[in-house]
Amino acid sequence: MFAILRALGWFVGDMFKSRCRLEAENLFLRHQLTIALRRVSPRLRLGGMDRALLVWMTRICPELLELVQVVKPETILRWHRAGFAAYWRWKSRKRPGRPKIDQGLRDLIQRMGRENPLWGASRIHGELLMLGFEVAQSTVSKYMLRGQNPPSQTWKTFLRNHAQAIAAIDMCVVPTLTFERLFALLILGHGRRQLLWCEVTRYPTAEWLARQITEAFPWSSAPAYLVRDNDRAYGHVFTRRLRAMGIRDRPISPRSPWQNGHAERLIGTVRRECLDRTLIFGEAHLRRILASYAAYYNQVRTHLALDKNAPSGRAVQRSGSIVSIPILGGLHHQYVRI
């Protein structure tokens, strides 16, 4: 703005000068301009005020267009393309286009893609339709996450999918009132951490163990693998029975109880919560105690690995008064609503 005011002041002042003086000043300014153009780059940088002043001067005196050359033809074409793009951008500014979806729905699409790496846009779109979301499949494809590497399941998922086919067997020694030794056999299913079978004997022979396997697993429900200790009690009769039932024998390494960690943890739980707090009179008494605790363990006791649920599944009760049912003579209690 200051440059325009200064140019106006010069214009008004020139109106009171003689013609000879104006021609001399014009000649002197042309020579200065020629000297300045020798030193600058070929491409001129004009500001907004400079362009406005030049346009105003050419409107007043159109003959000035014959004296100057401000731009090149390529500049005119570039301005035309920019103006064309700006015009059509302005003209289409009110078009609705694809409707925006809620942020919660976008998060749900990304969550489904993250939790199910094998799913594509069509599968996620089908799940959204079943949940009541009216959205196009192209929109799902736009917002879903796309991994750079091929989708792969996690180790947690891999182990959970194979846990149903694995069982573990182990024995523990229980002293009686008369200082005798009884052997308690426990069979655990890895899938739901369920106590599948428990039995008591004084002499754990291979024939007795083979018979327990037959009673614990009917022919249609035998696991694919059985993890056991590397003990002499599991003789050839036991291993032949496993092969006949289609069960693959997996003995652990010698002196490596951590390789059968689930069964060892079960024995520790049975000891802490039952056997260490009970005085065993005999074989029949131990069998009844283990049967009662197995029912409590499978149907009532909650497990951290099962999201605080019981191995056999326990329904959530939300109404009714709460009563407690004693288990093992009050050693444990079950709380239900009636």
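Please arrange 20, 274 by counting, for each residue, the other beta carbons lying within 10 Å of its beta carbon, fewest first.
On the way: 20 8, 274 20.
Result, fewest neighbours first: 20, 274.
D for the stretch 165-337, whole µm²/s, Stokes-Einstein with Kirkwood Rh over alpha-carbon pairs at 4 °C and 1.567 mPa s: what number?
The estimated diffusion coefficient comes to 75 µm²/s.
Could you compute how fast the stretch 88-243 diffuses translationally, taking Rh as the Kirkwood radius over C-alpha pairs and applying Stokes-Einstein at 37 °C with viscosity 0.692 mPa s? Give it in µm² per second.
157 µm²/s
Determine ³J(HN,Hα), in whole Hz, for all residues of the stretch 277-288 in sequence, where each value follows from phi through the Karplus function 6.51 cos²θ - 1.76 cosθ + 1.60 and θ = phi - 60°; x replaces Gly and Pro.
Going residue by residue, I get 10, 10, 9, 8, 8, x, 5, 5, 5, 5, 5, 5 Hz, with x marking Gly and Pro.
Return 296, 225 ranked ascending by Cβ neighbour count within 10 Å, so the fewest neighbours appear first.
Placing the least packed residue first, the sequence is 225, 296.
For the stretch 104-111, just list the computed ³J(HN,Hα) in residue order, Karplus coefficients 6.51, -1.76 and 1.60, θ = phi - 60°, integers in Hz, with x standing in for Gly and Pro.
Whole-Hz 3J(HN,Hα) from phi for the stretch 104-111: x, 5, 5, 5, 5, 4, 5, 5.
Whole Å is fine, so just give me how far the alpha carbon centre of the stretch 249-269 lies from that of the stretch 175-242.
13 Å
When a footprinting reagent is the concern and you count Cβ atoms within 10 Å, what order do 55, 237, 227 take, fewest first? Mind showing how you got there, number by number?
Details: 55 10, 237 14, 227 21.
Taking fewest neighbouring Cβ atoms as first place, the list is 55, 237, 227.
The numbers here are math on the coordinates, done by the rules we state, and not lab data. Quick caveat: nothing in here was measured; it's all calculated off a predicted structure. Cβ sites come from the backbone with ideal geometry, for glycine too, and all protein chains shown count toward neighbours.
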